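Structure record follows, encoded as structure tokens.
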Amino acid sequence: MSKRFIIKPWLIVGLLLVIPTSLFTAIELLTLNDQEEVIETIYTKQLESVLYSINQYTDDITNNWINQFYKEFHASDHQTTYEVPMNELAHVHSFILHPIDSTSLRFNNFIIKNDSLQQEIKTQLKTKQSDIQQLQRYIKSGYRKIIGIDLEYKQHLTMLVFITQEQNKPYLNLLLLDAQKFIGEALSPRIQMTAGDDLIIVVRHKKTNELIACSQLNDAPEEVVKEQAIWLLPDYNLGIQPKGISISELANNRATQNIGLLILVDLLLIGGAWLFYRNVNRELHLAKVKSDFVSNVSHEIRTPLALISMYAETLQLGRLKDESKRQKYYDIIYRETQRLSGIVNNILNFSRIESGRQKLSFSSIKINEIVDEVVSNYRYHFNEKGFEVTIKLNEALSPIRGDKQAITECLINLIDNAIKYSGQDKNIIVSSDSKGPYQYLEVADKGIGISAKEQKLIFDKFYRVTKGALAHHAKGSGLGLSIVMHLIKGHNGKIEVDSNEGQGSQFRLLLPIDNPTKKTT
Ligand code: ADP
């Protein structure tokens, strides 16, 4: 017969969950450095965009001022020339408005009293001629660009140059401002707000490295991660630096954190996969055990039924003249009926336990009496199978509270097992005694014994040891010991097993001497 290929549950779990996630984590670990670099780049880009936003803001407020100025200018008497006193230069609204000759860029009416300043402005404007022409082209297409020029005349004096169009005539506008004051008054609040708790933003003079503004009082960093010139104030640099830890540390932390999370998720997945595998395995095992149970029980029922029907038929035909033989047949029928009712009892007990309907009715019982009754009922059985049974009872035991029927069934199960699992050495000892707060019944045999590993499992429902020829051939449902365990627990008692493979077993049912009366379990 060809062996069918069955996909094992662990293979499914491995293929579907564990292998892909572990591979993914391995790849992530291998590419940790690349990831750090990517994170670092992204982060640096983000810092750049923060600086960009401050630059944008600088442009916006400057444009707003200019618009504001024009509003006021149109409301006034449309002078084309302003004289700006030098002591007002510090003020951001200081303006020189001047018409330009669009072709030659000659500056008429240039009223700045200070000659050297006037000279510097003129020189600067000349050198920037091509830029100014560009500004003119821009304004024609509706875009007012501003350029900033640092002046030597006075420290922090910056000239903003832009062109406006008045009645189709271009005007060159010069705005002189004190850059330090401008940054301090107009940009600082914004810088402060943008930096928040995580960043430090500084403004320094490009050439002198003089600190003009810093979002963090008294603690301006010397080194910054990213620098960007202020568009309107080209001699000033905006610098940005994350607070506390460096950007590569940050990237490293982030990458390690991600990997940590990934490993955690992997572990959870593996844990889940293991649980899933265990459950599937358990279900498969249970399914197998149940099907074994059905076939075992059917077999167990069929054998006595076949015997009963065979002997009953022979008797019914009335052909048996020999009275002793007839008696033997009756005995066999009786014995098989007993065996059948034992099996049916076990199944009924089990179903009652499973559905929670098992009831114990407690009364005063003497465990020695139970031993006597069960052993005498089994006497025929023992003799027939060649068993030597020794009974060792402690006659001094006083009555205890318990369910007689239940304890009887427990003892029958133990004796049944002792018979089933004995080989050549057919010796059974049934004893009773007391131990601490318990009285106990013990059934000892010299049979095949149970391995330490199996001892933990034999009380599970349907569990049967199938290793070894005798255990394999012995018939049973795997329910006996699980029922015994349940009934003994219902008495607040416990079961002890001493067993060695090949040497025999002892099962001890311990029942509390002082048992509170229990009605149900
Ligand atoms: P079963 O119907 O198979 O006897 P039980 O629940 O009574 O079911 O026992 C469970 C298993 O424990 C048995 O299949 C057997 O392997 C093992 N076992 C029980 N009693 C003994 C014993 N006295 N000696 C050896 N093995 C035993």
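The values are calculated or read from the model by the stated rules, or taken from the named source; none is laboratory data. All figures in this text were calculated on a predicted structure; none of them were measured in a lab. Glycine gets a Cβ as well: all are built from the backbone with ideal geometry, and neighbour counts include every protein chain shown.
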### Task
For the stretch 428-436, indicate whether the set of residues that are surrounded by fewer than 20 Cβ atoms within 10 Å (Cβ to Cβ), free of Cβ contacts under 8 Å to residues at least 60 places away in the same chain and not small (Gly, Ala, Ser) is non-empty.
yes
### Task
Tell me which residues, restricted to the stretch 439-453, are more than 7 Å from the ligand (Cβ to nearest atom) and either modelled with pLDDT under 90 or out of contact with any strand residue (DSSP E or B) (no Cβ under 7 Å at 6 or more places or on another chain) (or both).
Ser451, Ala452, Lys453
### Message
What's the total number of residues in the stretch 479-521 that are modelled with pLDDT under 95, of a type in the set (D, E, K, R) and within 20 Å of Ser422 (Cβ to Cβ)?
### Response
1
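Based on what the data block shows, is Glu369 under 20 Å from Ser422 (Cα atoms), out of contact with any Pro (no Cβ under 8 Å at 6 or more places or on another chain) and acidic (Asp, Glu)? Even if it seems obvious, please write down each step before you answer.
Values: under 20 Å from Ser422 (Cα atoms): no; out of contact with any Pro (no Cβ under 8 Å at 6 or more places or on another chain): yes; acidic (Asp, Glu): yes.
Answer is no for this residue.
Residue check: is Asn279 out of contact with any Asp or Glu (no Cβ under 8 Å at 6 or more places or on another chain) and either surrounded by 15 or more Cβ atoms within 10 Å (Cβ to Cβ) or on the phi > 0 side of the Ramachandran plot (or both)?
no
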### Counted residues, the stretch 454-492 - those being more than 8 Å from the ligand (Cβ to nearest atom), in a loop (DSSP other than H, G, I, E, B) and surrounded by 21 or more Cβ atoms within 10 Å (Cβ to Cβ)
1
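Evaluate the following for Gln338: is it in contact with a His (Cβ under 9 Å, 6 or more places away or on another chain), surrounded by fewer than 18 Cβ atoms within 10 Å (Cβ to Cβ) and free of Cβ contacts under 8 Å to residues at least 60 places away in the same chain?
Values: in contact with a His (Cβ under 9 Å, 6 or more places away or on another chain): yes; surrounded by fewer than 18 Cβ atoms within 10 Å (Cβ to Cβ): yes; free of Cβ contacts under 8 Å to residues at least 60 places away in the same chain: yes.
In short, yes.
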### Task
Being polar (S, T, N, Q) and within 12 Å of the ligand (Cβ to nearest atom) is the filter; apply it to the stretch 397-426 and report the residue that is surrounded by the most Cβ atoms within 10 Å (Cβ to Cβ).
Asn413
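Which of the residues belonging to the stretch 290-300 are among the aliphatic types (A, V, I, L, M) and surrounded by 17 or more Cβ atoms within 10 Å (Cβ to Cβ)? Lay out the reasoning, then the answer.
Initially, the stretch 290-300 is screened for residues among the aliphatic types (A, V, I, L, M), giving 294, 297.
Selection gives Val297 alone.
Could you please find all residues in the stretch 354-372 being in a helix (DSSP H, G or I) and at positive phi?
Within the stretch 354-372, the subset in a helix (DSSP H, G or I) is 354, 367-372.
Answer for the stretch 354-372, where residues must be in a helix (DSSP H, G or I) and at positive phi: there is none.
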### Task
Could you please tell me which pairs satisfy a Cβ distance under 6 Å, a separation of 6+ or placement on different chains, a first residue in the stretch 148-173 that is on the phi > 0 side of the Ramachandran plot, and a second residue that is outside any loop (DSSP other than H, G, I, E, B)?
His156/Asp178; His156/Ala179; His156/Gln180
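Yes/no per residue for (1) assigned to a strand (DSSP E or B); (2) closer than 15 Å to Asn55 by Cα:
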{"residue": "Leu175", "(1), (2)": "yes, no"}
{"residue": "Lys181", "(1), (2)": "no, no"}
{"residue": "Gly184", "(1), (2)": "no, yes"}
{"residue": "Leu187", "(1), (2)": "no, yes"}
{"residue": "Arg190", "(1), (2)": "no, yes"}
{"residue": "Ile200", "(1), (2)": "yes, no"}
